[in-house]
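Data first, discussion second: the structure below is written as structure tokens.
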Amino acid sequence: MQTQLLGNAKQVTQHNDHITIQTAEATAKIWLYAPAIIRVNITKTPDKADTSFAVIQQPETGINFTEAENELTVTTDQLILKVNKTPLRFSFYTLDGKPLSEDDARFGVNWQNERVINYRKLYVDEKFIGLGEKTGALNRRGTHYVNWNTDASKHTIYTDPLYKTFPFFIGLHSRLTYGLFFDNTHKSYFDFGATTDDEMSWFGADGGDMNYYFFGAQGVAEIIKDYTWLTGRMEMPPLWSIGYQQCRYSYMSADEVLGIAQKLREHNIPADVIYCDIDYMDNYKIFTWNDEAFPDPKGMIDQLKALDFRTVCIVDPGIKVEDGYKQYDEGVAKNYFATYINGDNYVASVWPGRCHFPNFFDDKVKEWWGAAFTALTEPGVEGFWNDMNEPAAWGQNIPYLVKFGDRYMAEVRNAYGMEMTKATYNGTRKILGNKRPFMLTRAAYCGTQRFSAVWTGDNTATDEHMLYGQRLVNSLGLVGMSFTGVDIGGYTGNPTPELMLRWNSLGVYIPMYRNHAEIGTAMREPWEWGEENMAIIRKDIELRYQLLPYIYSGFYESSQNGLPLSRTLAIDYTLDENVFDVRYQNQFLFGNSMLVAPVESTRLTAEVYLPEGEWYRFGDDKAYEGGMAHSVPAPLNNLPVFVKGGGIIPMQSVIQSTNEAGDGILYLHIWKGTEDSTFIYYEDDGVTYDNERGILHKRDIGYQAEKNKVTVAVADGTYTSKFNTLKLIPHGFGKTVKTQEVPYHSGIIEINL
Ligand code: GLC
């Protein structure tokens with residue numbers, strides 16, 4: 001094993017958009033992407049093409065620096081980077097000189113063979129949040145992680161790695177914040193002071209460059225905004241995809257699918273989405289239908305449409321090795337599959353048996369894959385579930401000498417799922433024209449938010465999985481993934497009725513609300529739990545539909561600034577130590593105004609920590625003081641949810657699906673506060689890309705605490721809202737302040753409370 005140090009700066013050169021620093025061993029480059037975003041790349045192969053799956057922005061031109069004898073300083077409007085020349089070290093400071101993050105003076109960046117690691121100073125009070133889908137506590141201090149996308153079936157609440165890779169974390173110390181995105185798809189490592197006597201944190205990868213983006217903005221939300229500026233934001237999802245989704249591995253026939261949809265309607269359980277898992281296919285051959293169980297896909301989907309259901313179908317990357325199967329024959333003929341180093345197509349077994357795996361890193365393969373979706377879109381499928389794309393293969397140990405074109409598995413495995421999803425997105429978007437496809441993927445890398453929602457894979461029907469699952473959702477929100485879900489009820493095993501009720505009630509506040517279960521488990525649909533429980537489940541799903549104006553507006557916010565819908569309290573209350581207390585770490589804000597406290601199904605009271613401010617229990621408006629913990633009732637039909645003083649929550653009447661217009665009333669709920677508050681209300685047709693051409697309806701809603709007044713500003717955009725009446729519903733103002741009803745129109749609306 002050879003250890004190589006970075007060495008000393010020998011030569012510094014300024015280029016149009018970057019600075020190059022040469023050492024005997026390596027080349028370091030510095031770019032400025034924005035006043036608070038600096039990129040550093042340290043490489044031993046400076047001539048290799050500089051590409052990224054994640055980053056969609058370009059650096060600024062004209063990066064300036066000053067040079068002293070042993071130091072080079074880059075000063076931006078928000079940040080200072082000091083580069084020590086002997087030895088070469090990189091350290092970041094605020095403009096007033098406070099350290100944000102510094103290389104460990106002794107080790108900095110170095111290599112052991114191809115493995116490249118950056119050792120950084122660890123601050124006494126430093127906390128770490130982020131990395132997306134990772135088990136463990138909210139504060140990752142004292143732990144370590146590996147990124148290597150894995151089909152982690154039967155995972156526990158301690159398993160690492162899981163399905164996705166997001167090498168982006170946020171450091172918090174000395175009342176300061178910074179972010180660091182290590183853009184490298186090789187197997188990577190993060191150590192947040194696990195075993196270094198609290199001296200260092202470190203991160204690195206088995207190969208590739210030490211290539212990172214440093215974010216110096218103050219405030220976690222600001223860092224997320226910058227990170228999602230760099231790697232992209234989600235587009236508006238189809239409105240129907242944020243309704244209730246019913247899934248199972250598998251509904252085995254068209255009759256069963258239709259029966260489930262009909263039953264949801266008969267029982268008046270609002271729902272929008274039904275899934276076909278792998279058994280809709282002929283022997284699990286992608287882009288085929290099983291002609292016995294699903295003899296007339298179009299007929300089935302037409303009937304589902306008549307019931308106001310949309311259909312989502314699963315697709316896996318594995319293409320069955322079988323002569324005469326179109327995708328197999330074409331893929332072999334065109335060399336579209338992953339190979340061994342000698343050019344033989346790589347074979348491994350997944351659901352269909354022996355399979356080849358498309359090389360999604362090739363644009364031609366992406367096109368070919370995308371175009372094949374007519375097999376699903378022609379009968380009417382509108383949602384595409386990309387599974388098994390870590391990629392998964394039985395045995396889960398794909399050899400390192402498998403290649404995708406000229407790239408080795410070791411180098412790009414972590415981006416495979418994202419590239420498959422990109423191919424599915426591009427293809428279906430093209431076929432569907434102006435209609436928004438719904439996209440779901442299990443494996444992901446940074447930037448996946450531009451194409452798809454994600455869910456957290458095969459969880460288990462236990463309370464601890466429900467709680468840690470929420471932590472995954474909240475942590476995914478820190479890395480730009482706003483549209484996230486878990487298998488509600490737990491994929492593996494059978495939930496108790498209590499757990500089903502509790503998890504379903506939490507699902508109201510999970511961005512993607514999907515009930516899903518594994519083959520062989522007991523049926524899981526709402527009516528399987530008896531009349532009384534079904535009534536509770538129905539009520540919660542109804543609440544989700546009532547909240548859709550608030551939730552859809554929340555997605556609009558994500559599409560504009562990258563802030564997630566489900567927000568760990570660490571985003572808004574970063575300096576509050578209690579937020580990181582393991583007793584409260586699962587709590588989250590849902591949108592701007594709601595605080596949700598997940599509670600085990602076995603506990604009917606809960607200890608909830610409410611951060612500074614005034615809070616009201618959602619439902620009965622009981623007032624609570626912030627900055628302290630409260631013991632609150634948590635019956636199975638009433639999850640502890642609180643609204644912030646000044647909270648603005650637009651709601652609608654109960655509808656059975658997003659196809660229904662409802663009663664035309666926008667129910668605008670406002671909770672009394674001591675400070676002014678605002679909410680951006682957003683609406684569009686929910687299904688087309690017309691919103692990208694300004695056909696939308698967007699307006700600020702403001703609450704003025706002192707004046708006791710609500711103002712709905714003039715609406716932007718040319719879309720006509722589905723609402724014609726505004727009902728203002730005050731909470732916490734006392735009995736004299738009454739509900740008021742006024743016409744809803746796009747001009748200014750002012751209401752005195
Ligand atoms: C994988 C998925 C699961 C799906 C199953 C069958 O285990 O994670 O959600 O139901 O495959 O397709």
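Values in this text are rule-based calculations from the coordinates and carry no lab data. Note that the structure is predicted; figures quoted are calculated from it, not measured. Please note: Cβ atoms are built from the backbone with ideal geometry, for glycine as well, and neighbour counts cover all protein chains shown.
Brief remarks follow.
- Centroid-to-centroid, using Cα positions, the range 96-154 and the range 733-753 are 51 Å apart.
- Of the three principal axes defined by the Cα atoms of the range 94-210, the extents in descending order read 48, 33, 26 Å.
- Annotation for the range 653-721: trypsin sites (Lys or Arg not before Pro) lying in DSSP loop with at most 12 further Cβ atoms inside 10 Å of their Cβ are Lys707.
- In this structure, Asn16 and Arg407 have a Cβ-Cβ separation that, at R0 = 25 Å, corresponds to a calculated FRET efficiency of about 0.30.
- The chain: relative contact order in percent, alpha carbon pairs under 8 Å with at least 6 residues between: 10
- Hits among lysines - C-alpha to C-alpha of Lys127 under 18 Å, sequence gap 8 or more where chains match: Lys98
- Put a plus charge on the Cβ of each Lys and Arg, a minus charge on the Cβ of each Asp and Glu, and nothing anywhere else: the dipole of the chain about its Cα centre is then about 640 debye.
- Length added when fully stretched, Asn434-Glu625, from 0.36 nm per residue minus Cα-Cα: 63.9 nm
- Label reach from Asn8 (point 7 Å along Cα→C-beta): in the range 63-95, amide nitrogens under 14 Å belong to 69-71, 84-89.
- The range 407-485 and the range 615-671: distance between their alpha carbon centers, rounded to Å: 29
- Cα pair distances exceeding 16 angstrom across the range 486-536, given as percent: 33
- With K and R counted +1 and D and E -1, the other residues having a Cβ less than 14 Å from that of Glu199 yield a net charge of -3.
- Net length gained if the chain between Asp197 and Asp296 were fully extended (0.36 nm per residue, minus Cα distance): 29.2 nm
- Sequence-distant aspartates and glutamates (8 or more away, or on other chains) whose Cα lies within less than 17 Å of Lys622: Glu607, Glu612, Glu614
- Computed from the C-beta positions of Asp581 and Thr86, the FRET efficiency with R₀ = 60 Å rounds to 0.85.
- Prolate/oblate/rounded label for the range 224-352 (Cα gyration tensor, a/c 1.5): oblate
- Taken over the range 234-329, lysine pairs spaced eight or more positions apart, or on distinct chains, with alpha carbons under 24 Å apart number 6.
- Protection-proxy order for peptides 478-486, 115-123, 191-199, 158-166, each taking the mean of Cβ atoms within 10 Å per residue, highest first: 478-486, 158-166, 115-123, 191-199
- Computed packing ranks the peptides 228-239, 577-588, 3-14 as 228-239, 577-588, 3-14, most packed first, by mean other Cβ atoms within 10 Å.
- The calculated FRET efficiency for Ser153 paired with Asp255, based on their beta-carbon distance and R0 = 25 Å, is about 0.30.
- Under the Debye formula (equal points on every Cα, no solvent term), log10 I(q)/I(0) of the chain at q = 0.05, 0.10 Å⁻¹: -0.25, -1.03
- Centre-to-centre, using Cα atoms only, the range 164-229 and the range 292-369 are separated by 36 Å.
- Annotation for the range 663-693: GluC sites (Glu not before Pro) lying in DSSP loop with at most 16 further Cβ atoms inside 10 Å of their Cβ are Glu675.
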